Amino acid sequence: MHRDPQAAYDYYRQAIAGQTLPVALVDMELFDINLRAILEQAGDKPLRIAAKSVRCPTLLRHALDSDPRCQGLMCFHAREACALAAQGFDDLLVAYPTVQAEDVRAVCAAVRAGHRILLMVDCPAHVEALAAVARAEQVTLPVCLDVDMSWRLPGLHFGVFRSPVREVEQALAVHRVIKASGCLRLEGVMGYEAQIAGVGDAVPGQALQNRVIRWLKRGAIPRLQQRRADVVQALRDDGAPLVLVNGGGTGSLDSTRHDPSVTEVTAGSGLFAPTLFDHYARHRYAPAAMFALEVARQPDAEHVTCLGGGYIASGSAMPPKTPLPVLPEGLALEPNEGAGEVQTPLRGNTLPEIGAPVFFRHAKAGELCERFNALLLIREGRVEARADTYRGLGWQFI
Ligand SMILES: Cc1ncc(COP(=O)(O)O)c(C=O)c1O
């Protein structure tokens with residue numbers, strides 16, 4: 001890892017010399033360091049890689065092959081799971097429900113061909129839609145129940161809006177419909193504590209807010225782990241042949257790993273370590289993914305303007321969702337323009353020359369890959385491979 005920003009700039013600039021800008025790159029040495037750090041954070045739990053946070057089959061394969069504790073992928077779409085299965089990946093948990101018949105039919109075909117794909121459900125409507133297709137296709141589909149892990153306090157919803165299943169009774173009600181379907185089998189439970197895993201709690205300049213978030217996290221963790229454990233126990237008692245109980249994300253591994261009801265944890269973002277994961281009290285990952293834009297013009301003595309760059313991350317429209325110029329050191333976005341659709345002005349004292357690269361980090365992990373067809377994989381100061389992203393493969397699911 002380069003401690004000196006000038007050395008880091010020179011290193012990456014040299015590594016991508018001769019490439020046509022813009023490019024996206026992954027420092028594979030840092031990627032591997034992050035994977036080891038994630039596994040350490042995960043304790044003794046197996047790790048499912050969040051494919052949406054990588055969106056590059058070569059890197060997914062690399063992560064899975066790096067350590068036997070990396071087991072399976074968490075997908076964001078049924079067709080993504082089918083596409084990955086066709087590339088030889090297996091043990092695919094689709095973490096977000098869908099009722100599109102054609103997509104479910106594609107999953108049925110993959111399951112019939114011997115691939116292991118679990119679809120997500122959280123209500124009878126999901127179950128009935130999946131069952132209608134599975135019945136027609138004469139396939140038994142394994143499914144996973146998503147349990148809401150938000151903490152609802154008077155006047156505050158600490159969590160996300162996803163599954164309506166919060167109580168044991170609600171979980172058992174969905175299980176009853178699954179059993180009655182005759183063609184689905186409840187093999188998994190997922191309880192993703194998004195507000196623990198995805199909310200920074202050591203953000204510079206927000207001391208009070210950090211304290212409140214840490215207090216909320218401390219209060220939520222035992223309550224939500226109890227909820228997940230109660231649901232899992234009740235479903236097992238009700239005869240559910242559960243094979244997996246999934247929890248966690250990059251930002252919650254140090255607590256999720258202590259939940260005895262959880263059989264595996266998920267993480268993905270920590271591999272690239274985008275800027276939204278910079279400010280957590282309990283961990284820090286190395287910035288492995290970046291993109292480089294060319295300096296295309298110099299409007300005055302304090303600015304350069306790069307071509308491209310407006311890769312704003314999804315989610316609530318908060319300032320940290322913009323890319324961050326990191327190398328060379330000392331460049332900042334112009335507040336009035338931000339990272340623009342086709343041009344990104346940067347202010348600084350020492351300015352790179354026209355044609356030079358400026359390296360940015362994205363706020364989120366896999367979304368970077370929606371902007372580039374390939375990632376340059378950098379190792380030992382040179383491009384060791386060029387790996388297709390989902391976009392480069394023509395994969396568009398949502
Ligand atoms: C269901 C689920 N599990 C786990 C994760 C964690 O992924 P990451 O480690 O990339 O933050 C996510 C991210 O959104 C998720 O939606």
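Things to note:
- For the pair Ala385 and Leu307, a Förster radius of 25 Å applied to the C-beta separation gives a FRET efficiency near 0.50, rounded to the nearest 0.05.
- The antiparallel fraction among DSSP beta bridges confined to the chain stands at about 50%.
- Contact order for region 255-299, expressed relative to its length and based on alpha carbon pairs under 8 Å spaced 6+ residues apart, stands at 26 percent.
- Rough spin-label spacing in nm, given labels placed 7 Å along Cα→Cβ, for Gln87 and Gln71: 2.3
- Separation in nanometres of the label points that stand 7 Å from Cα toward Cβ, at Ala234 and Arg211: 3.8
- Region 29-270, relative contact order in percent, only Cα pairs under 8 angstrom and at least six apart counted: 21
- Computed E for Ala281/Asp44 - FRET, C-beta separation, R0 22 angstrom, nearest 0.05: 0.45
- Ranked by how many other Cβ atoms sit within 10 Å of their own Cβ, fewest first, the residues Asp27, Asp44, Asp91 fall in the order Asp44, Asp91, Asp27.
- Note on Ser316 and Phe161: their simple-model spin labels are 1.3 nm apart, each label 7 Å out from Cα toward Cβ.
- For Lys321, a cut-off of 20 angstrom between C-alpha atoms picks up these lysines, skipping any fewer than 8 places away in its own chain: Lys52, Lys364.
- Anisotropy class of region 29-270 from Cα gyration tensor, a/c 1.5 cut: oblate
- Under the span-like rule (Cα at least 30 Å along the axis, Kyte-Doolittle mean at least -1.0), DSSP H helices of the chain: 207-237
- Taking other C-beta atoms within 10 angstrom as a stand-in for reagent exposure, Asp67, Asp300, Asp103 fall in the order Asp300, Asp67, Asp103, fewest first.
- Given R0 = 35 Å, the distance between the Cβ atoms of Arg223 and Lys179 translates into a calculated FRET efficiency of 0.75.
- Added length on full extension, which subtracts the Cα-Cα distance from 0.36 nm per residue, Val243 to Glu334: 27.7 nm
- Hypothetical label at Arg297: residues of region 317-345 whose amide nitrogen lies under 19 Å (7 Å Cα-Cβ projection): 332-345
- As a proxy for reagent exposure, Thr20, Thr140, Thr344 were ordered by neighbouring Cβ count within 10 angstrom, fewest first; the result is Thr20, Thr140, Thr344.
- Amide H contacts of Leu118: Leu92, Leu93, Val94, each under 5 Å away and 5 or more positions distant or on a separate chain (H built 1.01 Å from N in the peptide plane; Pro and chain starts excluded).
Each reported figure results from applying straightforward, stated rules to the coordinates on display, with no laboratory input. Computed from a predicted structure; not experimentally measured. Cβ coordinates were reconstructed from backbone atoms using ideal geometry, including for glycine residues, and neighbour counts include every protein chain displayed.
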